[in-house]
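Asker: Supplied in structure tokens, the structure appears directly below.
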Amino acid sequence: MPARLGLPAIVIACSLLVAAPALADDTTTDTTTETTTETPTTGETTSTTAVTTTTTVVPTVAALDAADGPAIAGGQPPVRGTQFQINPPPPPPPTLPPQPWWSIVPPNSGSGRRAVYSKTQQTVWVFDEYNTLIKMHRVSGKQTPYDPAPGVYRVYSRSRYTYSINNPSITWGYMVRFAHGLQDGNIGFHEIPYQYGRPVQSEAQLGQALSGGCVRQAVSDAIWMWEWAGVGTVVVVTP
């Protein structure tokens, strides 16, 4: 005898049909089973509906990432290929040694062909007519504001050999005069003086203010200045 479905079974069946698309994405699957029982004494048939629930656990994307790490390809992590340097890197820029403080040309020291003498730095710079620095050397002069005073001078006389008017035992060579002192003495560039055949100072002491007014130089620098600075050459004295 065909089974007769009661109202509850019909309602459950309709609910399953409506919810089927939504359940496809869920993690729970419902299975309905109908059982028919016939009573021998009365001849009536009783229908019993049993619902079986099966739960399937689907791992989330976050769980996969935590277990296997990012960028899974075929169950294996990606492998980076070998890298090669096509062109060599450029060399580092050259490191220049720091410029000594005494080598910086004083500001407002003129232009053109001239010799610049700084009393503070005890240094001489020589420029050609194109304002190009062609020589620099340390000297020993006088530190006071006079002998000579700062200003612009010109070479007015030269002597290959000379001596101190106040003390003739002190002599020197390559004298290039460009100024006068407070006592009207001649002031110029020359080599380190000698007294009784011995120099009054060493070349290692150049850069210190040790003279009475003239500008003492190493022998090689004195010869160079003698050959370069003719009468009329501009000399700029800075403080």
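The values are calculated or read from the model by the stated rules, or taken from the named source; none is laboratory data. Bear in mind that the values here come from a model prediction, so they are computed numbers and not experimental data. Positions of Cβ are backbone-derived with ideal geometry, glycine not excepted, and every protein chain shown enters the neighbour counts. The area values use the complete protein model at the heavy-atom level, side chains included, leaving out ligands, DNA and RNA. Shrake-Rupley method; radii C 1.70, N 1.55, O 1.52, S 1.80 Å.
Asker: In this structure, is Thr162 among the polar types (S, T, N, Q) and either open to solvent by 70 Å² or more (accessible area, probe 1.4 Å) or assigned to a strand (DSSP E or B) (or both)?
Answerer: Here the answer is yes, as Thr162 does meet what is asked.
Asker: Going by the conditions given, is Asp184 acidic (Asp, Glu) and within 13 Å of Ala229 (Cα to Cα)?
Answerer: no
Here's the yes/no breakdown for (1) more than 25 Å from Pro107 (Cα to Cα); (2) modelled with pLDDT under 95; (3) touching a helix residue (DSSP H, G or I) at 6+ places or on another chain (Cβ under 9 Å); (4) of a type in the set (Gly, Ala, Ser):
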| residue | (1), (2), (3), (4) |
| --- | --- |
| Pro148 | no, no, no, no |
| Gln183 | yes, yes, no, no |
| Ile187 | no, no, no, no |
| Val219 | yes, no, yes, no |
| Gly232 | no, no, no, yes |
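Asker: Next question, about the same structure. Let me spell it out: the conditions are (1) in contact (Cβ under 8 Å) with a residue 12 or more places away in the chain; (2) open to solvent by 60 Å² or more (accessible area, probe 1.4 Å); (3) assigned to a strand (DSSP E or B), and Tyr146 meets all of them except one. Which number is the exception?
Answerer: (3)
Asker: For the stretch 154-169, which residues satisfy the criterion of being in contact (Cβ under 8 Å) with a residue 40 or more places away in the chain and touching a Ser or Thr at 6+ places or on another chain (Cβ under 6 Å)?
Answerer: Selection gives Val155 alone.
Asker: What's the number of the condition Gly151 fails, among (1) farther than 20 Å from Gln217 by Cβ; (2) in contact (Cβ under 8 Å) with a residue 24 or more places away in the chain; (3) open to solvent by 90 Å² or more (accessible area, probe 1.4 Å)?
Answerer: (3)
Asker: Further question on the same structure: Which members of the stretch 223-239 meet the condition of being part of a helix (DSSP H, G or I), within 43 Å of the chain's Cα centre (by Cα) and among the aliphatic types (A, V, I, L, M)?
Answerer: Met225
Asker: Right, next: How about the stretch 165-196: which of its residues are hydrophobic (A, V, I, L, M, F, W, C), open to solvent by 80 Å² or more (accessible area, probe 1.4 Å) and within 53 Å of the chain's Cα centre (by Cα)?
Answerer: Leu182
Asker: Exactly one of these conditions fails for Ser220: (1) small (Gly, Ala, Ser); (2) under 44 Å from the mean Cα position of the chain (by Cα); (3) within 19 Å of Lys135 (Cβ to Cβ); (4) open to solvent by less than 60 Å² (accessible area, probe 1.4 Å). Give me its number.
Answerer: Here Ser220 clears every test but (4).
Asker: I'd like to know if the stretch 66-83 contains one or more residues that are of a type in the set (Asp, Glu), outside any loop (DSSP other than H, G, I, E, B), modelled with pLDDT under 75 and open to solvent by less than 90 Å² (accessible area, probe 1.4 Å).
Answerer: No: the stretch 66-83 contains no residue that is of a type in the set (Asp, Glu), outside any loop (DSSP other than H, G, I, E, B), modelled with pLDDT under 75 and open to solvent by less than 90 Å² (accessible area, probe 1.4 Å).
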